Amino acid sequence: ITFLEIPINSVTNTWAYKYSLALGCILIALGFGAMIWISDPITAAISVVIWTFGEMILFPASSAYVAEVSPVSRRGEYMGIFAMSFGFGTTLGPVFGTNVLENFGASTLWISCLFLGFLSAIMMLKIKQKA
């Protein structure tokens, strides 16, 4: 992350937001979806690398998008709400994830992550650029 995030973002910041956001979602979906086939430390590491690349693309692009589409006079408010919603997600995600894991099993959890990640990517392709 230390060595790659800035070069990656130097490339992706020339893309339309919808493409970098969708690619980030796809990589995260594939990384977590690949957890179904984890059988050793090497495959686990590959999965982590895939979703980490997704995070390196998605997180900076999503913050930049929110800052760009927000009215200048309310930018801090928009960024605060964005950060708060992200905080809720990182708080509730593990609660829901462990609940799914305990009640429905690992395959259901990872297939759900894959499906929701792809659904998120499709939704990201629908966003509008600021005029």
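The values are calculated or read from the model by the stated rules, or taken from the named source; none is laboratory data. Worth saying up front: this structure is predicted, and the values here are computed from it rather than measured. Positions of Cβ are backbone-derived with ideal geometry, glycine not excepted, and every protein chain shown enters the neighbour counts. Only protein heavy atoms, including side chains, enter the accessible area calculation; ligands, DNA and RNA are left aside. Shrake-Rupley method; radii C 1.70, N 1.55, O 1.52, S 1.80 Å.
Things worth noting here:
- Virtual spin-label span in nm between K126 and L92, 7 Å along Cα→Cβ: 1.9
- Rolling a 1.4 angstrom probe over the chain with all protein chains present gives an accessible area of which 74% lies on carbon and sulfur atoms.
- Segment W37-L116, length gained on full extension (0.36 nm per residue, minus Cα span): 26.6 nm
- When only the Cβ of Lys, Arg, Asp and Glu is charged (+1, +1, -1, -1), the dipole of the chain relative to its Cα centre reaches about 560 debye.
- Calculated log10 I(q)/I(0) by the Debye sum over Cα atoms at q = 0.09, 0.10, 0.18, 0.22 Å⁻¹ (choose from (1) -0.30, -0.37, -1.09, -1.38; (2) -0.47, -0.55, -0.98, -1.21; (3) -0.28, -0.34, -0.96, -1.28), label: (1)
- Helices assigned as whole DSSP H runs in the chain whose Cα atoms extend at least 18 Å along their own long axis and whose mean Kyte-Doolittle hydropathy is -1.0 or higher are found at 17-33, 41-69, 75-104, 106-124.
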